[in-house]
Amino acid sequence: MRRMALQRLRSAGGLARSLFIYWRPGRQRGLQRLYQPFIQPGTVAFDIGAHLGDRSAAFHALGAKVVALEPQPGLAKWFKRLVKPPTITLLPMAAGPTKGFAEIAISPGNPTLATLATEWREKIGERNAGFSQIRWEQRLQVAVTTLDTLIEEYGEPSFIKIDVEGFEAEVLAGLSSPVPALSVEFVSGSLEGSHACVRHLSRLGEYRYNVVVGEQRHFRWAEWQTPQAVSEWLNAGAEQLPSGDIYACRSDHPLLLGSL
């Protein structure tokens, strides 16, 4: 009984921290500025690993038809409380290389941390100090779909955000066509997954890359980089940055027309 009470207390504290990080005043304006080049009114946007819905809210504010995936029931409830528009499609699913079911591991003290990546979960605490105290104490069986399946049902997205704690390459493995733009999270200590994402995108088409550090809302580089350049950056340790997101734009994207 006491253990359950402590777990609920840790979960409440972790949720409060996440609410402050993702929904603090002014953040939505910054997110909308960041995503505006990728989303035009009426286009489709996928939010894979929607968590508390801050990105979905920004996509919707820009006029996108949003399809959000969040397999954790607790976070999905908060998503519905925080993101009011009924036109957003929220699916209680994860994404992966194939359709089916899988076990997701959840950290009760950090409820926005959940992963299907078993090997990543077992090793990341040793490789990244920020994860050294994370305990993956909960398990949940969840339905898994693919990006290709979502595209068949909802149409090609103008942007896909993927934030799934070490499972990004597996999610991209379920994509067989080059979408206009997307982002994948990178984490220090598991950059091999980022390399796999770049390799897969290069097989699909010609892309250029940029980076957003942590929860910042601006790009790190003035010029978008080639696959070779971003791979070399990853090989050099990604500037020892703890985490962030790698953004990929297809070479014919309007954002790049003036920079290539």
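The values are calculated or read from the model by the stated rules, or taken from the named source; none is laboratory data. Since this is a predicted model, take the numbers as computed values, not measurements. Cβ coordinates were reconstructed from backbone atoms using ideal geometry, including for glycine residues, and neighbour counts include every protein chain displayed. Protein only, heavy atoms only, side chains kept; ligands, DNA and RNA dropped before computing areas. Shrake-Rupley method; radii C 1.70, N 1.55, O 1.52, S 1.80 Å.
Brief remarks follow.
- Computed Rg/Rh of the chain, alpha carbon atoms with Kirkwood Rh: 0.94
- Shown is the FRET efficiency for Phe219 and Thr118, computed with R0 = 30 Å from the Cβ-Cβ distance and rounded to the nearest 0.05: 0.40.
- Heavy-atom accessible surface of Leu91, to the nearest 10 Å², is about 30 Å², with a 1.4 Å probe and all protein chains retained.
- Cα-based shape type of the stretch 100-224, given that a ≥ b ≥ c are square roots of the gyration tensor eigenvalues and the cut on a/c is 1.5: oblate
- Förster-model FRET efficiency, 41 Å R0, Gln138 and Thr87, C-beta, rounded to 0.05: 0.85
- Rolling a 1.4 angstrom probe over the chain with all protein chains present gives an accessible area of which 54% lies on carbon and sulfur atoms.
- Using C-alpha pairs under 8 Å with a sequence gap of at least 6, the mean separation divided by the residue count of the chain gives a relative contact order of 17 percent.
- Inter-part distance where the stretch 208-260 and the stretch 109-133 are each reduced to a Cα centre, Å: 24 Å
- Prolate/oblate/rounded call for the stretch 102-159, Cα gyration tensor, a/c under 1.5 rounded: prolate
- Partner lysines for Lys80 [C-alpha distance under 29 Å; skip if fewer than 8 residues away on the same chain]: Lys65, Lys99, Lys161
- Sites Asn128 and Lys80, calculated FRET efficiency, Cβ-Cβ separation with R0 45 Å, nearest 0.05: 0.90
- In degrees, nearest ten, helix 73-82 long axis to first principal axis of the chain (Cα): 70 degrees
- Ordering 162-175, 23-36 by mean Cβ neighbour count within 10 Å, with the highest value first, yields 162-175, 23-36.
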